[in-house]
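Written out below as structure tokens is the structure these notes cover.
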There are 2 protein chains.
Amino acid sequence: MTLKETYVIDTTQSKNATLRPIALENIRLTDTFWEPRRAKNRTVTLHSQYDKLEESKCMDNFRRASGRKTGIDFVGWYFADSDLYKWIEAVSASLATHPDPDLEARLEAGIDELAAAQQPDGYLNTYFMFEREKDRWTDLHVLHEIYCAGHLFQAAVMHYRATGKTQLLTVAERLADHINTRFGPEGKRGACGHPEAELALVELFRATRNETYLTLAERMIEARGQEPTAVYGSGNNKRYLQDHVPYKDLKEVTGHAVRMLYLAAGAADVTLEKDAPELRQAQDAQWENFTERRMYVTGGAGARHEGESFGADYELPSDRAYAETCAAVASVMWNQRLLLQTGDAKYADLIEHTLYNAVLPGISLSGTEYFYVNPLENDGTHRRQAWFGCACCPPNIARLLAQLPSYVASIDDEKTVWIHQFIAGEIETEQGVITVETNYPWEGAVAFTNKGTTTMHLKVRVPAWTQHAWVDHTPSGYNAVTLEPGEATRFDFPVTPLCISAHPYVSSLAGSVAVVRGPLVYCMEAVDNAEGDIRDYFLASDLLFTEESVRGLEGVVALKTKGFRYLTHPSHWLYQNTLHNGERPSLETQALTLVPYFAWANREAGRMQIWMRVS
Amino acid sequence: MTLKETYVIDTTQSKNATLRPIALENIRLTDTFWEPRRAKNRTVTLHSQYDKLEESKCMDNFRRASGRKTGIDFVGWYFADSDLYKWIEAVSASLATHPDPDLEARLEAGIDELAAAQQPDGYLNTYFMFEREKDRWTDLHVLHEIYCAGHLFQAAVMHYRATGKTQLLTVAERLADHINTRFGPEGKRGACGHPEAELALVELFRATRNETYLTLAERMIEARGQEPTAVYGSGNNKRYLQDHVPYKDLKEVTGHAVRMLYLAAGAADVTLEKDAPELRQAQDAQWENFTERRMYVTGGAGARHEGESFGADYELPSDRAYAETCAAVASVMWNQRLLLQTGDAKYADLIEHTLYNAVLPGISLSGTEYFYVNPLENDGTHRRQAWFGCACCPPNIARLLAQLPSYVASIDDEKTVWIHQFIAGEIETEQGVITVETNYPWEGAVAFTNKGTTTMHLKVRVPAWTQHAWVDHTPSGYNAVTLEPGEATRFDFPVTPLCISAHPYVSSLAGSVAVVRGPLVYCMEAVDNAEGDIRDYFLASDLLFTEESVRGLEGVVALKTKGFRYLTHPSHWLYQNTLHNGERPSLETQALTLVPYFAWANREAGRMQIWMRVS
């Protein structure tokens, strides 16, 4: 191992970065909320995911391409290669903080398989082999060819940084160079129907300092929305994949949510490295449109099942929410890049909110089952699954958990340590070590102690949720603190449960409220509210909550409050005169129990809802 | 012309019919609401639709198949033939009441073109010709082959009844016989991915008394939901096309809405002719599920754009409503069959409601532009179009308008005339003539006069909406009236505007109300409410309406009431603490104008919503 600086987003030399990264190895988490999940990720999830890569024949696709296995067909989606790449990225990041010889051996074996599949000219994609070799680069619109390459680039950079080994980085460079001959300045304009490679190419540039890759990323962003299209191929749905207008003119989040947010992350990476005011302005408009018009209360993105896409402004159905887990991961990735560029706390606020309420629901408490779609209201039939035919989400959660320390803190050029997320552990910089003590998110107290021998400067995020500035971007900002050696400081953010309501233009949420406590969104599950149907429950308007524990969710703070319930079932009428008094159902008071949304669907199946009526 | 009994659904000999039809010729409408629309249908729409059949190359597809045109390709969807068939059905029905030599000439020319395309063995489908001949009957799941035949059967029966000519009926019989050799008792089980032929085959049986066709219809209904599937072919989405369970076990409305409702109409036709208690029970369950869980307040069917399908119980989003115009037509067709069987007013109530609020919005006041999708809330970008690539809806509205008299009244075996729908005109039976005078739906007064020379017995529907029994099926029933020669009776149904609310389980409508007046659902359009954004408007809780006229909608009763409006625009926050007082927007009183939903989008484009918040 030659490096000790495993960065996830390496802004150490980025021209427009306000914040610089702290290596994964130097942010050591010891908390009881995230670190047990990360431990499960290392010891259970990453191993079981490799087994899935074998079962789903993803690995055999590489063996077929390399000739190590013959007489078999390609199996799975045309983007199946990316499953392995995301797994490599996740394992590499995990090894940076937690060496594991068994996992490392599987990692190296996997890398050996994929390296063997690379073609002499640098090409690598197991779908486009043999009978499909002729189809290479013919269908950028649909077939995810550059997308898969992007995930390889990310995996390679993470592997190089975490292990110091260059084998995979070389594979990535050869493939990137191959793509550059086609779509670089000497080639034609081309961009992928599924953005992702843009952000990956910028990271490959950061790892290699080869400007070619940065230029290629820029070209791919600029290629979108042109006539004739650079996203050529067999499809024609331009808005779906953000090819309907040039990126600089894209002032909303639209189309397929994951594509939109990966593209925005890629544009953010470009603006970290280069002055591109039009790209920056477009991102500001997109972010405003997302957070003010098109974001679920969970931070989730994507209102429509059709096209896994964003809807119109204020179109945010609870039951038919798509809110793909991958879109939440992509939102975190985009916001982290905006945070590193600006140091604006609103991005860290949204990362926190999205991690707890949109990413985390995507994985079971057991660490082995996943949600792809995350409705905010469900009849109990929606359950997590062990894997998917389209398996994008599981390794996406795994890599994010493995990279979680990178979201906790950054450092600026004055050596001030910026604390973004509150997770107990220690943060080491050249100036020394700071310990973080907290029982977040269950409690709002956070203590920082300077364990080093020199004065340390901190900037500590004051969460927006402490100021009634809920989810949105009223300045909450960072609080400057100076700690002498041995000195400690303590913040106490009040995690009082409160109700929130949606903008009146969200017509589907008129008359409904949601309950939050600290950074967590709560929901009502049938398993805790077994009297009748939870759709018959109302919150009282004078809300008082007590904190409780509930069966089957150890360590989770549940909330109990008094409300009402229809004693008689409401009328069978779908519509009735509001003045009709003949069949008014009677109400009785009813205790209501709420649990954090991330924990839902981990016990007996039953109805769940986040938004509730108020009496 | 040899016949004077142009029936749409001929239950004159149906074993299980409570009600018998009155011929189109014998219900002469003279009202100022529907008859001008029907006149426009005859003089404008049906002519312009034929032009579209030429422009869209639907007619050339027949000429290609017959060899009258060569060197051209098939153009359009694989179900394009059905556009001509529905047009023929519409024109035939129209000629029954309003002879028109020009239209009849076009009709006969069209029939000549299609008859020439019939193959020696009786086969007729212009898609499956030449290079695709080998594909006949290979893909029932997707390719609508039997569906197209069904529309031909309906067209042929209507043409025969209206004109007495047998040419098209013979074409239909030859095709039906051809299908019977494949899928009749001597053939294999088969049913179409898109139900429609079932109801058509029963009508073909009624016109020819050939039991083969009734048996074939039965077999096609029973074939669904079997293993292995009888709806074989290239698709695999069984629920989408009601092939996931046997029809007798289908206790909900699910999947593609038009398919579901045509299938139900076909099953209703079978139960009119034969004792089939399991089919009847399934229909009762489907009807209850539809009207109590899955129907829009407009009567519209289909909550999801994905699959043009029904959603889950209580899933009824306003903005993303699909509510296809064809599904509304199909609902009317299904309910009419249930009405003829039972004489239960609830079906006539729903027909009335659906005609005014779900079918009629599908066509512009000009009679030349159409909605395929009918949202209940829209930002003003959804506008009617002159035609569609998938042109199912325009001729479906046209045939329903042409057949409208058949929905007005029926007769029972005691010669009592049942009045279902209130439209001014005269109804002639063997007993004599009854005149109907009314300004319905604008006014609720309806007068009936016996113009004949013998005592007449009537049963007059008392609309459910007069009894707070809104849309649903609390018995409203028929009021028996006996009229001596020259005697008149008058009903006065109070068309007082009132507010209705949705079942509390429709979470997207919590806190919202809709306004109705008589049979009409009202909406708010930006063009009449130009101060600010109509999403800032609230109804007052103490509702008082005045009746008004509005610019651009002559003859329409608009409603005006006092409400409130946010003076300052609401916060830019998407979600906020409900206790947050910093940014409470101020309200001012505001006059609100509402117009009937059917009339929306006929003036300047702008936002529209049916459901409104109440202060």
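We did not get these values from a lab; they are worked out from the coordinates using the rules stated. Only a predicted model underlies this, so the values are computations on that prediction, with no experimental measurement involved. Don't worry about glycine lacking a Cβ; one is built from the backbone with ideal geometry, like all the others, and counts go over all protein chains shown.
Numerical summary
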{"quantity": "Along principal axes, Cα extents of region A:475-615, largest first, whole Å", "calculated": "73, 37, 23"}
{"quantity": "Label spacing, shortest first and in nm, from residue A:552 to its equivalents in the remaining copies (7 angstrom along Cα→Cβ)", "calculated": "5.5"}
{"quantity": "Computed over region B:76-165, the ratio Rg/Rh where both radii use C-alpha atoms and Rh is Kirkwood", "calculated": "1.01"}
{"quantity": "Globularity ratio of region B:1-158, using Cα Rg and 2.2 N^0.38 Å", "calculated": "1.16"}
{"quantity": "Copy-to-copy label separations for residue B:244, where each label sits 7 Å from Cα toward Cβ, in nm and ascending", "calculated": "3.0"}
{"quantity": "Listed pairs A:134/A:248; B:188/B:238; A:15/A:459 exceeding 31 Å between Cα atoms", "calculated": "A:134/A:248"}
{"quantity": "Sequence of B:322, A:566 once ranked by neighbouring C-beta atoms within 10 Å, starting from the fewest", "calculated": "A:566, B:322"}
{"quantity": "Axis-nearest residue of A (beta carbon) for the A-onto-B rotation, whole Å", "calculated": "A:511, 1"}
{"quantity": "Pseudo-label separations to other copies for residue B:589 - Cα-to-Cβ vector, 7 Å, nm", "calculated": "3.9"}
{"quantity": "Ranking of A:296, A:127, B:407 by count of other Cβ atoms within 10 Å, fewest first", "calculated": "A:127, B:407, A:296"}
{"quantity": "Over region A:410-465, relative contact order from alpha-carbon pairs under 8 Å, at least 6 apart, %", "calculated": "34 percent"}
{"quantity": "Percentage relative contact order, region A:1-74, counting C-alpha pairs under 8 Å, at least six apart", "calculated": "17 percent"}
{"quantity": "Point-to-point label distance, residue A:554-residue B:138, nm (Cα→Cβ direction, 7 Å offset)", "calculated": "6.1 nm"}
{"quantity": "Mean separation of Cα contacts under 8 Å, 6 or more apart, over the residue count of region A:213-313: relative contact order %", "calculated": "26 percent"}
{"quantity": "Residues B:498, A:46, sorted so that the one with the fewest Cβ neighbours within 10 Å comes first", "calculated": "B:498, A:46"}
{"quantity": "Given charges at beta-carbon only (K, R positive; D, E negative), |dipole| of the protein assembly as shown in Debye", "calculated": "500 debye"}
{"quantity": "Rounded Å value of the spacing that divides the Cα centres of region A:272-325 and region B:59-120", "calculated": "48 Å"}
{"quantity": "Per-selection Kirkwood Rh - the protein assembly as shown (Cα, Å, 1 d.p.)", "calculated": "33.1 Å"}
{"quantity": "Kirkwood Rh in Å, taken over region B:342-468 so that all alpha-carbon pairs contribute", "calculated": "16.8 Å"}
{"quantity": "Estimated translational D of region A:326-400 in µm²/s (Stokes, Kirkwood radius over Cα pairs; 20 °C; 1.002 mPa s)", "calculated": "162 µm²/s"}
{"quantity": "Cβ-placed point charges (K, R +1; D, E -1), dipole of chain B about Cα centre in debye, nearest 20", "calculated": "420 debye"}
{"quantity": "Within chain B, percent of DSSP bridges classed antiparallel, to nearest 5", "calculated": "95 percent"}
{"quantity": "Computed P(r) (all Cα pairs; region B:506-560; 5 Å bins; percent)", "calculated": "4, 13, 24, 28, 20, 8, 3, 0"}
{"quantity": "Mean ellipticity per residue at 222 nm, deg cm²/dmol - from DSSP H runs of n ≥ 4 across the protein assembly as shown, formula -39500 (n - 2.57)", "calculated": "-10000 deg cm²/dmol"}
{"quantity": "Under 15 Å from the Cα of residue B:52 - aspartates and glutamates, other chains or at least 8 residues apart", "calculated": "B:60, B:81, B:83, B:369"}
{"quantity": "Listed residue (A:341, A:366, A:390) projecting farthest to the positive dipole end of region A:265-410, Cβ model", "calculated": "A:366"}
{"quantity": "Average partner coverage of A:498-505, which counts Cβ from other chains inside 10 Å", "calculated": "6"}
{"quantity": "Largest-first ellipsoid semi-axes for region B:197-271, taking √(5λ) over the Cα gyration tensor eigenvalues, angstrom", "calculated": "22, 13, 10"}
{"quantity": "Value in Å of the Kirkwood radius, where chain A supplies the Cα pairs that are averaged", "calculated": "25.0 Å"}
{"quantity": "Filter on A:165/A:415; B:57/B:86; A:40/A:86; A:274/A:415; A:57/A:165 - keep pairs with C-alpha separation over 21 Å", "calculated": "A:165/A:415; A:274/A:415; A:57/A:165"}
{"quantity": "Segments B:303-316, B:280-293 sorted - mean Cβ within 10 Å per residue, highest first", "calculated": "B:303-316, B:280-293"}
